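Inspection log for the structure reproduced underneath, given as structure tokens.
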Amino acid sequence: MKKLLSAVLIACMVMGSLPAFAVTDKVIFDITSLGIVTGDENGDLLLDEEITRAEFVKMMINLYGYSEISAMGESKEMFSDIPEEHWARAYINFAASVGMFQGYPDGTFRPDDKVLVQDCIKTLVVALGYDIVAQQKGGYPNGYILVAAEEKLTRDVTAAYESPAKRGDVMTMIYNALDINILHESYDGNNVIY
């Protein structure tokens, strides 16, 4: 029976019907309990779906604990492609106003565009304060990927860095980020230290 079950699981993975990663129950429990991620109208987390820029912004705002503050961004018109009724308008406008995310030179944000794994990595590395270290290691994308690997930010994420990120991958990286010490700059009287 075990051999048959193993064969079926392997066949499903080869045929692509199972995700390449497995988001653990602990990751799901912790991330949803903290209010960082919510499901769709049916409560489905859509773990194998590619994440959009708007969805990623909302996750990051929730990670920072700014979800209620983001309502301040509701009335601002910052991007030509974010209509007043867009579900993520407040999150996007607030994130842009505090410098978390940027739009494009043409005045758009492109909320439905997919986010690459390496872009999620960069955003989380910067949020953790390791931007200077990533720049010293070569900048975007390789320096950020190196820092992410060293700090175990990408532990259990199997997607290629240049591929669109799936919601499960992002949840796993955010979960891993919760255990990483934040790097901050201080001054000892003579030198800047980290």
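The values are calculated or read from the model by the stated rules, or taken from the named source; none is laboratory data. Computed from a predicted model, the values in this text were never measured in an experiment. Don't worry about glycine lacking a Cβ; one is built from the backbone with ideal geometry, like all the others, and counts go over all protein chains shown. Protein only, heavy atoms only, side chains kept; ligands, DNA and RNA dropped before computing areas. Shrake-Rupley method; radii C 1.70, N 1.55, O 1.52, S 1.80 Å.
With distances taken between every two different alpha-carbon atoms, the stretch 125-175 has a Kirkwood hydrodynamic radius of 11.2 Å.
Rounded, prolate or oblate for the stretch 33-136? Axes are the square roots of the Cα gyration tensor eigenvalues, ordered a ≥ b ≥ c, and the cut-off for rounded is a/c under 1.5. Don't skip to the answer; put the middle values down first.
On the way: a/c = 1.41, a/b = 1.09, b/c = 1.29.
Rounded, since a/c falls under 1.5.
Each peptide in 40-46, 147-153, 177-183 gets a packing score, the mean of other Cβ atoms within 10 Å over its residues, and the list from highest to lowest is 147-153, 177-183, 40-46. For R53, the accessible area of its heavy atoms, probed at 1.4 Å with every protein chain present, is near 40 square angstrom. Solvent-accessible surface of protein heavy atoms, probed at 1.4 angstrom with all chains present, puts F29, F79 in the order F29, F79, largest first. With a ≥ b ≥ c taken as the square roots of the eigenvalues of the C-alpha gyration tensor of the stretch 91-194, please select rounded if a/c is under 1.5 and otherwise prolate if a/b is larger than b/c or oblate if it is not? Judged from the Cα gyration tensor, the stretch 91-194 comes out oblate (a/c at least 1.5, b/c at or above a/b).
Among K114/K137; K114/K166; K58/K122, which pairs are too far apart, with a Cα-Cα distance over 20 Å? Before the final figure, lay out each step's value.
Numbers: K114/K137 26 Å; K114/K166 9 Å; K58/K122 16 Å.
Listed pairs above 20 Å: K114/K137.
The charge dipole of the stretch 27-115, taken about its Cα centre with unit charges on the Cβ of Lys, Arg, Asp and Glu (plus for the first two, minus for the last two), comes to roughly 420 debye.
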